[in-house]
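The values are calculated or read from the model by the stated rules, or taken from the named source; none is laboratory data. A quick note: this is a predicted structure, and the numbers were derived from the prediction, not measured. Don't worry about glycine lacking a Cβ; one is built from the backbone with ideal geometry, like all the others, and counts go over all protein chains shown. SASA here: full protein model, heavy atoms, side chains in, ligands and nucleic acids out. Shrake-Rupley method; radii C 1.70, N 1.55, O 1.52, S 1.80 Å.
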Amino acid sequence: MAISGGALDSTRSGIIYLSETISKIQFLSPDKLKEKITASKVSGNDNGFSFNAAQDVDFNFYNNTIEFGNEIITPIANNAFGYYRFKLDGVFYDDRGNLIR
C-alpha cells in the first residue's frame, strides 16, 4: 500500500489517523440520548476531524445519501454498486443456526 508522503503509523500498517470510542448509550426519546464514553483511543496524526461522541453525529445509512460537508452515497443506497465494490469474504452461522452472509 503506497501512502502519500511515505507516512506510516507506529505499527507500520499505513493507518495515518484512527479514532476509536466505546460508549454506553441510553435513548431517552427519539431525538435525545445520554452517552457515557467508557474508552477512547486516538492513534496517528489528528490534524483532521473526528467524531468521538455519538451525539455529534446522526448518520442514517438506510438513506441513500448522508450530508457530510458534501452529499455522500451510503453503502446500502439504491445506487451503491455504482460507487462501491463489495466482496463476500465468507459466511457463518450465528448462535441460533441462522446463515449470515
Result of the Cβ filter at 7 Å on segment 76-88, keeping first residues that are farther than 13 Å from residue 66 by Cβ and partners that are assigned to a loop (DSSP other than H, G, I, E, B), at least 6 apart or interchain, is 78/64; 84/75; 88/101
So, in segment 1-59, how many residues would count as being at pLDDT below 75, more than 24 Å from residue 72 (Cβ to Cβ), among the aliphatic types (A, V, I, L, M) and open to solvent by 90 Å² or more (accessible area, probe 1.4 Å)? 1
Do any residues in segment 17-43 that are touching a residue at least 24 places away in the same chain (Cβ under 8 Å) and under 12 Å from residue 54 (Cα atoms) have Cβ atoms under 6 Å from those of residues that are surrounded by 10 or more Cβ atoms within 10 Å (Cβ to Cβ) and of a type in the set (D, E, K, R), where the two are at least six apart or on different chains, and which pairs are they? 23/35; 25/35
